[in-house]
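Contents: one structure, followed by commentary.
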Amino acid sequence: MSNSVSSTLVSLRLRGAKLVAPVLGFGALAMIPYALTLNEIHLLSAMLIFGIFAMSLNLLVGFGGMASLGHALFFGAGAYAVGLLSFHRDSGFALSLLVGLAAAALLALVVGFLVRRARGTAYLMITLAASQVFWGLATQWKAVTNGDDGLFGISSPSILGWDFGSTVTYYYVVLVVVAGVFVLLTAISRSPFGYVLRGVRDNEQRMRAVGVDVDRIRHLALVISAVIASLGGVLYAYQERYVGPDVLAATTSGDGLLAVALGGGAVAGPLVGGLVVGLLEDVVGSYTDRYLMILGILFVLVAIFLPRGLAGLAQSLGDTVRPRRRAAEQAIEQRVEPAQAEVTETEGAHHG
Amino acid sequence: MAEPVLEVSGLSKSFGGISVLSDVGFSVARGERRGIIGPNGAGKTTLFNVLSGYLPADAGTVRLCGSDVTTLPAHRRARMGLGRTFQIVALCDELTVEENVLLGLVASNRGEWRLLGSLRGRRGLVERSRELLSEAGLIDLREHKVKAIAYGHRRVLEIVMALTSRARVLLLDEPAAGLSGEESLRMIPLLERLDRDLTIVLIEHDMDVMFNTVDRLLVLDHGTILLEGTPEEVRSSDLVRERYLGTQHAAGAGS
Amino acid sequence: MDYWIALLLNAISFGMVLFLLSAGLTLTLGTMRLLNLTHGSFFLVGAYVTFELERHGVDLALAWGAAVLATALCGAVVFVLLRPTGEDHLRQTLLTFGVLFVIADAALVIVGGDPAILPRPGFLEGTLDLGLLDYPKYRLFLVAVGLGMAGLLFWFQYRTRAGMMLRAVVDDPEMARGVGINPTVLAAVTFVVGAGIAGLSGALGGVLLGAFPGVDLQVLLFALVVVIVGGAGSIGGALAGSVVIGLVNTVTIAFAPGLALFSMFGVMLAILTLRPQGIAGKALA
C-alpha cells in the first residue's frame, strides 16, 4: 500500500519536473517578441515552423526507426497547396490549409505503399527518390508550378474576417500551432500507439508475434507525420508569401534530419534542433556565402561526434556535473525497490 | 482425448529448390505438451515459422482451433491465439521490461491504435503485467531497459511476452538456448506452472528440459517426421537413438 | 524509322552513362548496406576535374585519368569519415549529406556557378555512318565504354577470387565473415573503386548530362532509381536498370519533357509493386 503511494509520488514528481521545462520554454517564447525587432520576430516564426517540421520527422525517425530522406515532400505539399491555390484560384487560408493537409495525407498513403517492405537504406532511397521526383515536377512543370521562379501572390492569411498576417500576430499563431503539435506529439509518445511504434522500431518480429499489424502501424505513422509536416508547410507559405521548389528539395529533408539528430530526445529535442538549424540557416546565410560549406561541416560533425544529439550531450554533461543530484534520484528509486522485492518474495513463497 | 487445437497436414516448404519440410502432418490436442526434436537442419524452426505465419507454406494446411490459417499473416494468427517465442530473443531493447509486457497486453486488446491516453496509465493492464512479471520473477526488473538485463532474464521475458496475448497455443523455440545448465533447469518449473489448458509445442535441445515437460514427442529429420510418440517410446526407439538421441543427448549432458 | 533508331541509341548511350554512375552505388549498397549520398558528388568531381585540367591545357586522356584518381581519393576520404558512424543509418546519411554539401560548395568556389561545357576528344567529333543513319561518334564511344566496363566488372565478379568474395559478402555478410573474408577491406576497395567509376561517368557523361551546381543531386536521383529498379548489389541489375531508365527518360523527354523526372516515379511505383527486390537483386535488409 505505502509502496504504491510512494511510487505514485515519485512519478508525480518526475512528471512535474518534466512539465517545468516546456512551460518555461513556451512562456519565454510568448514573452520574447517584446524584446525583438519585427525582423527578428519574423525569423523566430521561421525557426518555429522548421521546429514543426523537425518534430513531425522525429515521429518517423525517432519513434518509428524509419529514417526518411523525403520528408520535404510533405512539407512541400502543404506549401505548394497554398501557393498553387493562391496563384491560380486566389483561395483563402482555410481551404488552402485543408487541401494542404489532405494532399500530404494522400501522398503519404502512396509513398507508404512504396516503402511498405523497405527498411533502413531502402527506406532512405525510396523516400529520397520519391521526393526528388516531386521536386523535379515543381521545377519542370512550369505551366502549373511556375518552375524555379516559384509562386507569388499569396495574400495575408485570414479566417472569418480575422486577418492574422501581421508579423507579430502571425508569430503568435505559429507559436500556438507549435505548442499544439508539441502537446499532440507528447500525447502520442505516451499513448499505446506511440509505444507500439517504438516496439516496431526495436523488434518487428516481436510486435507481429503479439498480434500487431506492423505494416499498418508504420503506414499510419507516416501519414500522421506527413500531415503535421504539411501543417508546417502551410504556415511556411503564409510566412514567406512565396513558395519555390526549394521547399521540396532534398536539402530541406536533410536539414530536417540534421535537426532531429542534433536535438536527439523525444519531442522537445527535435523542436530545439529545429530552432537551432532554422537560426543557423538565417544567420550563417546572412554573414557568408559559404553557408552550404558550413552547414555541410556541421552535418559531418553531428554525425561523428553527437550520436545522441544535444539531448544525449546534456544528459551526459548533467551526469558529470551533478553527480550528487543523480545519486539523490537513485536513492529515491531505491527506496521503492526494496518494497517491490518483498512482494516478489512472498509471491515466490506461494509458488514454492 | 481433447479436441485438436493445432492441425497440420501435408506441409511442405523449400528454399531455392532445397526441400526443408516435406509433407509434414500432425495434430496437437488442447492442453497437450508436445516436443519437437531433431538434428540441426531438420527443419524445426522453419516449421515454427510456417506455423506462425513468418514464412509462407509451399503446400499443405495449418488449422488453428478449427479454422484454416494457412494464408493468414503472422499478426492475424497471433490474434487468433497463437503465441510464440524466438530462438534468438526478440524483445524491444530500448523499452523497459514492463513496457514490453504492456505492449503485448495492449495489442491483445487491439489497443495499439489508440493515439491518446497513456499506455503506462492503464490500470488494468499495469496490474496484469505486474502479475505476469511477479509470477516470472522479473518484477524487480520492471523499470530496467531490456538491453540492460541479463540474458537469462531476457529468455524468461521472451516467454512472458508470449503469454501476454490470449494465447491458446504456444510455440516455444528453444526457450533454454544459451542458458547455463542451472539456468535451464530453472526454466522447467516456469514451464510447468503454465496453465494446463494452454497447448505448448516446444523445440529444445536440452533433453532435461524436454523430457521433464512434454507429453508427446515428434522427431523431425530432413524435413520429414521420423517418429511420433511418448518420450519413452522415442527414447527406446532404435531408429531415433541411432539417428539423433545418442550423440545429441551425450552432448547436451556434457555442456 | 531513323528517328526511332536514333532515339533507341540515345537511350542506350544515356543508359551506359547511368550504368557507370550506378555501378559503384549498387556495390556499396550490397556490401555495406550503406546509402552513399556523395555518389552524385563523385560525378560532379569527375566532370569538374576534367573540365578544369583540360582548360589549363592538360591532355584530355590525362585529364580523364586524373578525374578518376581524384574521385577515388574523395571516395577514400568519405570511407574513412564513415568509420565512426558504425551501422547507424541516420548518422551515415547525415555524414554523406554533409560531405555532399561541402563538395558542392567547394566546387562552386573553384569552378563557379556557370555550367561547364565538357571537352570531347577530336577524333570523336562528328558522326559515323551506320548505314541506316549517321550517329554521333561520341555517343557510340560511350556505349563502348559502358559495355566494356560492364564486361570488366562481370569478369571481376565471376572470374576472380576477390569478386567471388564480394558476391559472398553481398549474399550474406555474416557467413562471409565466418569464412575469413575481411569485409572492411573489401568494402573499402569497393567503395574507392566505385567512386572512381562514378568519377569516370562524370568525366565522360558530363558531356551528355551537363556539369553544373545541382547536378550532383540530379544524378544521384538517377542512380538511386537505377538501383531500386535493378536491385541492390548486382552489376547485371544495374546494367538492366540503367537501360530501362535510359529508355524511359529519353522517351519521356522526347514527348513530354516536363514529366521527365516524374516518369521515374512511375517506373519506381511499377517495380516496387511488381518486384520489390528489383530486377536482379534481393530485398535490402
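A few notes on this one:
- Among the conditions (1) in contact with a Pro (Cβ under 6 Å, 6 or more places away or on another chain); (2) farther than 16 Å from A:I217 by Cβ; (3) of a type in the set (D, E), B:D140 misses just one, which is (1).
- Pairs, first farther than 13 Å from C:L37 by Cβ and at the interface with chain A (Cβ under 9 Å from one of its Cβ atoms) in the stretch C:214-231, second charged (D, E, K, R) and buried (at least 24 other Cβ atoms within 10 Å of the Cβ), C-beta under 6 Å, six or more apart: none
- Residues of the stretch C:138-176 satisfying the condition of being under 21 Å from the mean Cα position of the chain (by Cα) and polar (S, T, N, Q): C:Q157
- Single residue of the stretch C:261-270 satisfying the filter (more than 7 Å from every other protein chain (Cβ to nearest Cβ) and closer than 15 Å to C:F222 by Cα) that is surrounded by the most Cβ atoms within 10 Å (Cβ to Cβ): C:V267
- Failed item in (1) closer than 21 Å to B:A90 by Cα; (2) out of contact with any Ser or Thr (no Cβ under 6 Å at 6 or more places or on another chain), with B:R193 passing the rest: (1)
- Within the stretch B:95-104, the set of residues being hydrophobic (A, V, I, L, M, F, W, C) and surrounded by 24 or more Cβ atoms within 10 Å (Cβ to Cβ) comprises B:V97, B:V101, B:L102, B:L103.
- Residue check, B:A57 buried (at least 18 other Cβ atoms within 10 Å of the Cβ), more than 12 Å from chain A (Cβ to nearest Cβ), touching a residue at least 40 places away in the same chain (Cβ under 8 Å) and in a loop (DSSP other than H, G, I, E, B): yes
- Single residue of C:I197, C:I181 found to be within 23 Å of C:V80 (Cβ to Cβ) and either in contact with a strand residue (DSSP E or B) (Cβ under 6 Å, 6 or more places away or on another chain) or assigned to a loop (DSSP other than H, G, I, E, B) (or both): C:I181
- Each residue in the stretch B:229-245 was checked for being surrounded by 16 or more Cβ atoms within 10 Å (Cβ to Cβ) and in contact with a helix residue (DSSP H, G or I) (Cβ under 9 Å, 6 or more places away or on another chain), and 5 pass.
- Residue in the stretch A:66-78 that is in contact with a Leu (Cβ under 8 Å, 6 or more places away or on another chain) and surrounded by fewer than 24 Cβ atoms within 10 Å (Cβ to Cβ) present: no
- Within the span defined as the stretch C:41-64, one or more residues are touching an Asp or Glu at 6+ places or on another chain (Cβ under 6 Å), in contact (Cβ under 8 Å) with a residue 12 or more places away in the chain and closer than 24 Å to C:L224 by Cβ.
- Here A:V110 passes the criteria (1) surrounded by 17 or more Cβ atoms within 10 Å (Cβ to Cβ); (2) aliphatic (A, V, I, L, M); (3) within 14 Å of chain C (Cβ to nearest Cβ); (4) free of Cβ contacts under 8 Å to residues at least 40 places away in the same chain except the one numbered (1).
- Test: A:G211 is part of a loop (DSSP other than H, G, I, E, B), modelled with pLDDT under 95, within 23 Å of A:G76 (Cβ to Cβ) and in the same structural domain as A:A237 (by TED's automatic domain parsing): no
- Failed condition for B:E174, given (1) in contact with a Lys or Arg (Cβ under 9 Å, 6 or more places away or on another chain); (2) buried (at least 24 other Cβ atoms within 10 Å of the Cβ): (2)
- So A:L59, is it assigned to a helix (DSSP H, G or I), in the same structural domain as A:D163 (by TED's automatic domain parsing) and touching a Ser or Thr at 6+ places or on another chain (Cβ under 6 Å): yes
- Qualifying residue in the stretch A:176-194 (condition: without any contact (Cβ under 8 Å) to a residue 60 or more places away in the chain, surrounded by 20 or more Cβ atoms within 10 Å (Cβ to Cβ) and not small (G, A, S)): yes
- Residues of the stretch B:84-94 classified as more than 7 Å from chain A (Cβ to nearest Cβ) and surrounded by 16 or more Cβ atoms within 10 Å (Cβ to Cβ), total: 3
- For the condition out of contact with any His (no Cβ under 6 Å at 6 or more places or on another chain), among the aliphatic types (A, V, I, L, M) and more than 8 Å from chain A (Cβ to nearest Cβ), C:L133 qualifies.
- Set side by side, the residues A:S286, A:S253 differ, and just one is under 24 Å from C:A106 (Cβ atoms), assigned to a helix (DSSP H, G or I) and away from chain C (no Cβ under 12 Å), which is A:S286.
- Residue match in the stretch C:232-244 (condition: facing chain A (nearest Cβ under 10 Å), hydroxyl-bearing (S, T, Y) and either within 14 Å of the chain's Cα centre (by Cα) or surrounded by fewer than 24 Cβ atoms within 10 Å (Cβ to Cβ) (or both)): no
To keep it simple, each residue is scored yes or no on (1) within 14 Å of chain A (Cβ to nearest Cβ); (2) polar (S, T, N, Q); (3) part of a helix (DSSP H, G or I).
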| position | (1), (2), (3) |
| --- | --- |
| C:F97 | yes, no, yes |
| C:I103 | yes, no, yes |
| C:L128 | no, no, no |
| C:L140 | no, no, yes |
| C:G148 | no, no, yes |
| C:G151 | no, no, yes |
| C:W155 | no, no, yes |
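- When each of A:L175, A:L185, A:L197, A:L137 is tested for being under 26 Å from the mean Cα position of the chain (by Cα) and within 14 Å of chain C (Cβ to nearest Cβ), the lone residue that passes is A:L137.
- Hey, C:I197 in contact (Cβ under 8 Å) with a residue 24 or more places away in the chain, away from chain A (no Cβ under 14 Å) and in contact with a helix residue (DSSP H, G or I) (Cβ under 6 Å, 6 or more places away or on another chain) or not: yes
- Checking B:D197 against (1) within 16 Å of A:R190 (Cα to Cα); (2) part of a loop (DSSP other than H, G, I, E, B), the condition it does not meet: (1)
- The residue that is nearest to C:L274 (Cα to Cα), among those in the stretch C:217-263 that are of a type in the set (A, V, I, L, M) and not in a helix (DSSP H, G or I), is C:A232.
- The residue that is modelled with the lowest pLDDT, among those in the stretch B:116-140 that are closer than 26 Å to A:A187 by Cα, within 12 Å of another protein chain (Cβ to nearest Cβ) and assigned to a helix (DSSP H, G or I), is B:R123.
- For the stretch A:225-235, the condition holds for no residue, the condition being that it is within 14 Å of chain C (Cβ to nearest Cβ) and buried (at least 23 other Cβ atoms within 10 Å of the Cβ).
The values are calculated or read from the model by the stated rules, or taken from the named source; none is laboratory data. For clarity, every value in this text was computed on a predicted model and none was experimentally measured. Ideal geometry is used to build each Cβ from the backbone, glycine not excepted, and the neighbour counts take in all protein chains shown.
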